[in-house]
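Here, each number is a calculation from the coordinates, and none is a lab measurement. Bear in mind that the values here come from a model prediction, so they are computed numbers and not experimental data. Using ideal geometry, Cβ is built from the backbone for each residue, glycine included, and neighbour counts are taken over all protein chains shown.
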Amino acid sequence: MSIPIQVEGLTVSYGRGAKRVRAVQEVSFTVAEGECVGFIGANGAGKSTTIKALMGFIFPEQGETRLYGAPSGDPEGRRHVGYLPEVALYYPFMRAGELLTLYGSLSGLTRADLRRRIPIVLEQVGLGGRERELLRTFSKGMQQRLGIAQALIAEPKLLILDEVSAGLDPLGRHDLRALLQELRKAGRTIFFSSHELSEVESLCNRVIMIDQGRLCHEVTQAELQAVGRKQSLESFFISTVRGGAAT
Amino acid sequence: MKRGRALWVIARSVMLEAIRRKEIYLLVAACLLLIGLATSVDFFGLGGLVKFYRETALRLMGTFTALAVVLLAVRQLPREFEQRTIYPLLARPLPRGLFVLGKGLGVLGAALFCYALFMLIYVPGMWYLEGDLAWRLLGQHIYLQVLQMGLLTSGAFLLSLLFSPDAALTLGLLLYFASGLIGQVALTLYELTNAAGRLLLYTATYALPQFVLFDLSGKVLHSEIWSPLSWPVMAALTGYAMVYSGLYGWGAYALFRRRPL
């Protein structure tokens, strides 16, 4: 099986002419099968841009990104991916079940699969029994839970989650952490960005740090454990970014 | 994933939106009110006004359906970008071309639903007035209207990717309502202008579809003197619509294919 995520020399710019801004510069990393990798950085550091390039939503100026060996623009590469966008609204005129039917069908699930999976994923994200409710009645936190449900609907091998805990209350974050732990134990590959560094610390076996569009540090599981003994990931991250350490 | 199923689920979501939102019902209600007013003329004792009813109803149905198509089509893609609903959709193994095609088919489906509602009133109205439905001509008129809806949909998609949603809506409606006028002006100016002007007129005439070709309401109205169109003419009109829909649709796809999201 190919490597789930490969990013090689990725450079992405926005704007034209004098207003051109490099959002990501020469970023390279891989995520292997079964890994749980946290992607952290300050606001505007380039996390979402990297993830969008990975999903084929934006096009690199240089370098390439691959999902399971397929270039990111190739729909084939997205066959085994569940994705949660940083910010997304879900069609307010739809019911939760209808939305999951739409996404599940596009992922290739049959009607029988959908009948089986929809109640399961809604239960997993704490929205059990809300299949018939219109999304316009959903709060921000419920929308985020639904976003996680749509990422899980087709039982993807790779989960790419952008700002996964955004909009969730402490209870929601606790449930999410438990869910991600469960998925990790089940052997899923998880790549996620988050500002909740305690969450990253508890879940990941590797952390990639990005600052001003460049990778500034990569912390392995052993380093994470060593860091955990001395200081929190948060203080390590702050000292790394402020100290300007580079790989 | 089967392509047909993907197209269907995307189209279904567009139709669901059109049906659950209020705009389409407002259009249908406004149109039916106007048709109803036309019908009420007979209640005032002014018999023999079947033609008046037929003309009013067919024209209004065509206009309101075109309005529904443009309103629905111009907002499909911009709203997906604006509300970021496009990300979870395109995160699936779904090619962008299939996504645009599914959206287009959804708009067409919603427009057909709208037109079917109009017909549900028009046909009983004609029976009530004991008028001749002129089935064959009416059938051809409906078929050409469907082709026109497809053409309008692809044109509106292209405009929505080139301009802001408001500008695309204005331009779409302007081109639809003014296409006949533009054709007439082109004919008048042709004899008066120089070679460069004629080239410009030719370009305008061929770049813009002639929507008037898809409107047989005048022939349905005077069905006693008009015969149904021959099959070669219908085939030519079908080809004409296909070429323009294809060109506009391809243009929309070409713009969308490389658009950063």
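Worth a mention:
- Every listed requirement among (1) surrounded by 14 or more Cβ atoms within 10 Å (Cβ to Cβ); (2) outside any loop (DSSP other than H, G, I, E, B) is met by residue A:18 save one, (1).
- Residue, farthest from the other protein chains (Cβ to nearest Cβ), within region B:18-38, restricted to residues that are in contact with a Gly (Cβ under 9 Å, 6 or more places away or on another chain) and buried (at least 21 other Cβ atoms within 10 Å of the Cβ): B:35
- Qualifying residue in region A:59-82 (condition: in a loop (DSSP other than H, G, I, E, B) and under 30 Å from residue B:18 (Cα atoms)): no
- Any hit, region A:87-95, residues being within 12 Å of chain B (Cβ to nearest Cβ) and not in a loop (DSSP other than H, G, I, E, B): yes
- Restricting region A:96-125 to residues that are on the phi < 0 side of the Ramachandran plot and not in a helix (DSSP H, G or I), the residue that is nearest to the other protein chains (Cβ to nearest Cβ): A:107
- Hits in region B:1-16 (condition: more than 10 Å from chain A (Cβ to nearest Cβ) and free of Cβ contacts under 8 Å to residues at least 40 places away in the same chain): B:4
- Leading residue by the ranking (farthest from the other protein chains (Cβ to nearest Cβ)) among those in region B:216-261 that are within 18 Å of the chain's Cα centre (by Cα) and loosely packed, with under 13 Cβ neighbours inside 10 Å: B:239
This table checks each residue for (1) within 14 Å of chain A (Cβ to nearest Cβ); (2) farther than 28 Å from residue A:84 by Cβ; (3) without any contact (Cβ under 8 Å) to a residue 24 or more places away in the chain; (4) among the aliphatic types (A, V, I, L, M).
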position: B:88; (1), (2), (3), (4): yes, no, yes, no
position: B:91; (1), (2), (3), (4): yes, no, yes, yes
position: B:101; (1), (2), (3), (4): yes, no, no, yes
position: B:127; (1), (2), (3), (4): no, yes, yes, no
position: B:138; (1), (2), (3), (4): no, yes, no, yes
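- When we screen B:92, B:79 for residues that are among the charged types (D, E, K, R), more than 30 Å from residue B:216 (Cβ to Cβ) and assigned to a loop (DSSP other than H, G, I, E, B), the only hit is B:92.
- Residue match in region A:131-154 (condition: surrounded by 16 or more Cβ atoms within 10 Å (Cβ to Cβ) and touching a His at 6+ places or on another chain (Cβ under 9 Å)): yes
- Flag set for residue B:166, criterion: within 30 Å of residue B:35 (Cβ to Cβ), of a type in the set (D, E, K, R) and part of a helix (DSSP H, G or I).
- Apart from one condition, residue A:163 fits all of (1) more than 13 Å from chain B (Cβ to nearest Cβ); (2) within 13 Å of the chain's Cα centre (by Cα); the exception is (1).
- Top-ranked residue of region A:43-71 - restricted to ones that are among the polar types (S, T, N, Q) and within 11 Å of chain B (Cβ to nearest Cβ), ranked as farthest from residue A:167 (Cα to Cα): A:49
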